[in-house]
């Protein structure tokens, strides 16, 4: 699986701070944000089946890919502490929501941004009808 180099993460850091509404001078969460960027990229590569590198190995992320990665980071931050909750009731009021345990539910907006880059996966068939017995 393809991952980002430290230099690539450092180059992406200022843009992701802007996308996430973090002041450029605030370095208190840089290490965590670097991990989040790397994790979101790896998830994107696995889902799209494409590493977004030119033939020379140069990383080329489009705006919608970066927007999806930033959205994924926001979703993960918002879900902290709410994992596994499907509904809650307080003082006669009831609230229901999805727990986001399913990636398609949780990251639907992210996948919509990445859908144009998703590659088809071909699974070769070695022998047709290999399991067929008459």
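Just give me the residues in region 34-49 being more than 19 Å from residue 103 (Cα to Cα) and in contact with a helix residue (DSSP H, G or I) (Cβ under 7 Å, 6 or more places away or on another chain), in sequence order. First the steps, then the outcome.
Our first condition is that a residue be more than 19 Å from residue 103 (Cα to Cα); within region 34-49, this holds for 34-35.
Correct list: 34 only.
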Any helices (runs of 4 or more DSSP H) falling wholly within region 29-134 and containing at least 2 residues that are surrounded by 12 or more Cβ atoms within 10 Å (Cβ to Cβ) and modelled with pLDDT of 90 or more: 30-48, 63-79, 108-114
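The values are calculated or read from the model by the stated rules, or taken from the named source; none is laboratory data. Predicted model, so just to flag it, every value in this text is computed and none were measured. All Cβ positions, glycine included, derive from the backbone under ideal geometry; neighbour counts span all protein chains shown.
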